[in-house]
Amino acid sequence: MNAEDPGRIVLLTASHRVAPGLLSWPAWQALHAADEVRCGEPEQPQLPYLREAGVTVTPGVPDAEQLVDACAGGRTVVVLTGGEGNQPLTDGLARLAGSGRVRMPDLELLPGSYDLPGARLLDLVQVMDRIRVECPWTSRKTHEGLAKYAIEEAYELVEAIEDGDREELREELGDVLLQVVFHARIAEEGLPGSGDEPFSVDDVAGTLIEKLIHRHPHVFGDETAETPEDVHAHWLRTKAIEKQRASVTDGVPLGQPGLALAAKLASRARTAGLDVPLPEGDDIGYRLLALAVRAQEDGVDPEAALRAAGRAYRDAIRTAEGTG
């Protein structure tokens, strides 16, 4: 070794969201070729696999000056960190380099593994699990106690979509996703004394995946679909086989807003080819029903149309108040 060679520092990052041991080939090469490998995380999931591969890891990470000294004489030191890196160490190395007092080793940032799309969902499940265990409020919540929040969050998501607010849309999608993860975490515990089998968020995702694949034979099977209408026909056929419903009204939630309910029933009847006269009455509800059915026939979502008119009415009220 050249005594004057300042050596080399390799900051090797490994995402905890990827299965341990699945490191890139350049990462394994760097680990085997290093004069020293350091890791400051005792629970780093890669450590058992490095030991199996014959890589000796020294626990603890020195500060920036000590690390530079450890590289003197042309030595290579690999520092293994999580996917977020080691900010205090990199800040210290940057200060040393900027001081001009120290001859710095070569510095390489080497990603050993990368997050796959959807990897942050693993973090979400982990965070939800901890909150469910440690938070006094969250730990006592039930499906029934959370039901109203699912409705509220769904409406707030629709509002963000209609307002065209992208930042709000991202946040509201997260709030809806929270409801899914929260309910799945509760379901994982089962219902005491009910005999119901517990299920997890993986079971929820697995059921959804099976449904999507089954209802898209033109993507995952031998069927063909060249138009949106073809896709809709596939969807209706596979859904009918899955559900085996006695009535076209089965599965229509009666608790949804009235205009949306009327439009959904009209859509089901029209799709089934049923010519059903509208019930008559003097109550305003029957007139609203007729309007909702007519809107659905014209391709208009009556619920969205009424919300748009409601927003216009709100703006008019604010104008009259002088607060618009």
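Details
- Inter-label distance for residue 270 and residue 24, nm, one decimal - labels placed 7 Å from Cα along Cα-to-Cβ: 5.4 nm
- For the pair residue 315 and residue 72, a Förster radius of 51 Å applied to the C-beta separation gives a FRET efficiency near 0.10, rounded to the nearest 0.05.
- Efficiency of FRET between residue 87 and residue 282 - r from beta-carbon atoms, R0 51 angstrom, step 0.05: 0.10
- Separation of the range 142-178 and the range 113-133, taken as the distance between their Cα centroids, equals 20 angstrom.
- Rough spin-label spacing in nm, given labels placed 7 Å along Cα→Cβ, for residue 223 and residue 131: 3.8 nm
- Measuring r between the beta carbons of residue 152 and residue 5 and using R0 = 56 Å, the FRET efficiency lands at 0.30.
- For the range 28-111, carbon and sulfur atoms together expose 49% of the accessible surface, with a 1.4 angstrom probe and every protein chain in place.
- Taking the C-alpha atoms of the range 173-324, convex hull volume expressed per residue in Å³: 237 Å³
- Reciprocal mean inverse distance between Cα atoms of the chain - Kirkwood radius, Å: 26.1 Å
- In angstrom, the C-alpha Rg and Dmax of the range 1-129 are 15.5, 53.
- Among the lysines of the chain, pairs that are 8 or more positions apart or on different chains and have alpha carbons within less than 18 Å of each other number 4.
- For peptides 6-16, 261-271, 198-208, sequence by mean Cβ density within 10 Å, most packed first: 6-16, 261-271, 198-208
- A DSSP coil position with no more than 14 other Cβ atoms inside 10 Å describes the following GluC sites (Glu not before Pro) in the range 11-81: 43.
- The protection proxy used here, the mean number of other Cβ atoms lying within 10 Å of each residue, ranks peptides 74-84, 164-174 as follows, highest first: 74-84, 164-174.
- Accessible area per residue for the chain is 66 Å², calculated with a 1.4 Å probe on protein heavy atoms, without ligands, DNA or RNA.
The values are calculated or read from the model by the stated rules, or taken from the named source; none is laboratory data. All figures in this text were calculated on a predicted structure; none of them were measured in a lab. Every residue, glycine among them, receives a Cβ derived from its backbone with ideal geometry; neighbour counts consider all protein chains shown. Note: accessible area is taken over every heavy atom of the protein model, side chains too, but ligands, DNA and RNA are not part of it. Shrake-Rupley method; radii C 1.70, N 1.55, O 1.52, S 1.80 Å.
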